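Notes follow once the structure below has been shown.
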Ligand SMILES: [Zn+2]
C-alpha cells in the first residue's frame, strides 16, 4: 500500500480501488459507479444528516431533476455562474423540445417558483425544505472519485423567512449542523470561512463554507451555506403579506452538504497505510469474525463463530463471519483495508473458553472479551474509538494552521501543507487583484475570513502593501 503522508494522491486512488468503494470504468467521462461498500456508509450518513435537518425544523421534499431554461435565466448572476456547467436536455424521443431543460446543477431555480405559490401569508413562514438528491455539473477540473465528479450526491435545504435576522440565524444553524454531524458524528475537523465577495455562490449576498484539510495540504470544501437576501425572492416573486396587509419579499438561505464529498473527507482524514478506518456508526460491518481453523476443532470454531454473529445481531451490531478459504492473515489485511472497526478472532481455544481476542482497527489494541460481554463492550469501545479518532484528527488539523506576514513566508508555510492566516487589504471585490497575485505567486487561494472569530487586522496586505483590513486564510485547494 502507498504511504498516505508522502504519496497521498496515489494512496487515495489505491484505497478507493482496493476497498472497492467505486468503479471508474463506466463509459461516460467524469461519471463513476459508487459501490456497495461506500454506498452502505453514505446511506447511513444521509440518515444522520437528514435527522439533523428534521431536528432543526426542515421538512423533506423531492423536486424534479429538470429545470426549464427560462427559470434558470431569472437570476442573472446565478445563470452566469452555473451555465458553463449545465448538462442540457434538448430532445425527447424524436421531438426537439420547445424549451431546453437543464439537468439540475442545484435547485434554487426549480424550487423558488414553487415557493412563490406556496407562500402567501406570514403563517406560511418560515418555510424550511430539504431535498436529498443528486445533481449534475459539467466539471472541467480533473475529476476524482467522491471528491469531484460530474454527478454527485448531496442534500440541499432552501429556507424562506419574513426577516433578514431570521435568515442570518439560519446560516448560523446550518453551520452548527455541520459541526454536529461532520465533526461530531464523522470525526472530520474543519473551519468555516466567510468567502470573499469575489468567490461567493452565484446570486448570494454572502457565502460561508467549511474547509477541511487533506493530508497533502490542500483544503477540500465541505458544506457551504448562503445568505441569499432577497436576490432570488425578487425575480421569483417569493412574497408574503405582512400584518399590515402589505406585500414583502422573503429573505432566503440555501445550504448544501455533499454526502459523497464528505465521504472523501472521512476516507482521507481517518485512513492509514493499511486502508480505510471507518467510524463505528458508519461501518457497513462493525465487527468481522475471523475463524481460525485447526484440524480437529473446525466444527466447534464454526459453531462458536456463528453464535457470536447472532448474539451481536440481537444487540443491533452489524457482524459477519468470514468463511472464505483465505488464510487468517489474508483476512486480517482485507478487513483492515475495508476499515471494519473491530476484528474478533475465534479459534479452538476461544470456542472452548468463550473468551475472544478483539482487535480495534485504528490503534490495533487487543482485548480479551467474554462472550456475554461482547455486545456491550463493542458499543462502548466503538464510541471511544470515535472520540480517539476525533482527537487525533483535530490535533493534526490544529498543527497545520500557520501565520505569515509576507508573500515569501506564506509560500514557505504553504509548502509545508498548511492553512495560513495573513494580513489582507479587503475581502470586497477590490481585493480580487491581490487574490490573483497570491494565486500566481503561490498557487493558492484566498479562502476567506474566519467565521465566528473576530480577528483584528494588523500590518500590511501581503500582496499590495496597503493597510490590512482583514485576516485572510489562504490554502491550496481541490
Ligand atoms: Zn491587497
Exercise for the section: Just give me the residues in the range 459-478 being in a loop (DSSP other than H, G, I, E, B), more than 11 Å from the ligand (Cβ to nearest atom) and surrounded by 15 or more Cβ atoms within 10 Å (Cβ to Cβ), in sequence order. Expected result: 478
Exercise for the section: Kindly check whether there is at least one residue in the range 386-396 that is within 16 Å of the ligand (Cβ to nearest atom), surrounded by fewer than 22 Cβ atoms within 10 Å (Cβ to Cβ) and at pLDDT 95 or above. Expected result: no
Problem - Contacts under 8 angstrom Cβ, first residue in the range 434-462 being more than 21 Å from residue 476 (Cβ to Cβ), partner within 11 Å of the ligand (Cβ to nearest atom) and assigned to a loop (DSSP other than H, G, I, E, B), 6 or more apart - result: 457/468; 457/469; 458/468; 459/468; 460/466; 460/468
Completion exercise
The correct count of residues that are surrounded by fewer than 20 Cβ atoms within 10 Å (Cβ to Cβ) and part of a strand (DSSP E or B) in the range 102-117 is 1
Practice task
Scan the range 77-86 and give yes if some residue there is in a strand (DSSP E or B) and either farther than 30 Å from residue 176 by Cβ or touching a helix residue (DSSP H, G or I) at 6+ places or on another chain (Cβ under 7 Å) (or both), otherwise no.
Solution key: no
Practice task
Return yes or no: is residue 64 in the same structural domain as residue 167 (by TED's automatic domain parsing) and not in a helix (DSSP H, G or I)?
Solution key: yes
Exercise for the section: Could you check how many residues of the range 246-256 are under 12 Å from residue 120 (Cβ atoms) and part of a loop (DSSP other than H, G, I, E, B)? Expected result: 1
Exercise for the section: Say whether the condition of being part of a helix (DSSP H, G or I), outside the structural domain of residue 188 (by TED's automatic domain parsing) and more than 27 Å from the chain's Cα centre (by Cα) is met by at least one residue in the range 380-402. Expected result: no
Problem - residue 295 more than 30 Å from residue 202 (Cα to Cα), out of contact with any strand residue (DSSP E or B) (no Cβ under 6 Å at 6 or more places or on another chain), without any contact (Cβ under 8 Å) to a residue 12 or more places away in the chain and not assigned by TED's automatic domain parsing to the domain that holds residue 73 - result: yes
Handout entry: Matching residues in the range 437-458 - criterion: being within 15 Å of the ligand (Cβ to nearest atom) and at pLDDT below 95
Key = 457, 458
Problem - Cβ pairs under 6 Å, 6+ apart, first in the range 317-340 and free of Cβ contacts under 8 Å to residues at least 60 places away in the same chain, second part of a loop (DSSP other than H, G, I, E, B) - result: 318/285; 318/286; 320/285; 328/292; 331/322
Exercise for the section: Examine the range 413-429 for a residue that is at pLDDT 95 or above, closer than 21 Å to residue 215 by Cα and surrounded by fewer than 17 Cβ atoms within 10 Å (Cβ to Cβ), and state whether such a residue exists. Expected result: yes
Fill in the blank from the handout: Selection over the range 272-285 where residues are crowded, with 22+ Cβ neighbours inside 10 Å and either farther than 26 Å from residue 156 by Cβ or out of contact with any helix residue (DSSP H, G or I) (no Cβ under 9 Å at 6 or more places or on another chain) (or both) yields a count of 5
Practice task
Output the residues belonging to the range 356-376 that are surrounded by fewer than 14 Cβ atoms within 10 Å (Cβ to Cβ) and touching a strand residue (DSSP E or B) at 6+ places or on another chain (Cβ under 6 Å).
Solution key: 366, 367, 368, 370
Exercise for the section: Determine whether residue 74 is modelled with pLDDT under 95 and more than 18 Å from the chain's Cα centre (by Cα). Expected result: yes
Problem - Residue count, the range 408-436 (criterion: in a helix (DSSP H, G or I) and within 11 Å of the ligand (Cβ to nearest atom)) - result: 7
Completion exercise
Those residues of the range 8-42 that are surrounded by fewer than 14 Cβ atoms within 10 Å (Cβ to Cβ) and part of a helix (DSSP H, G or I) come to a total of 4
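The values are calculated or read from the model by the stated rules, or taken from the named source; none is laboratory data. Being a predicted model, the structure only gives us computed values, none of them experimental. Quick reminder, even Gly has a Cβ in these numbers, built from the backbone with ideal geometry, and neighbours come from all protein chains shown.
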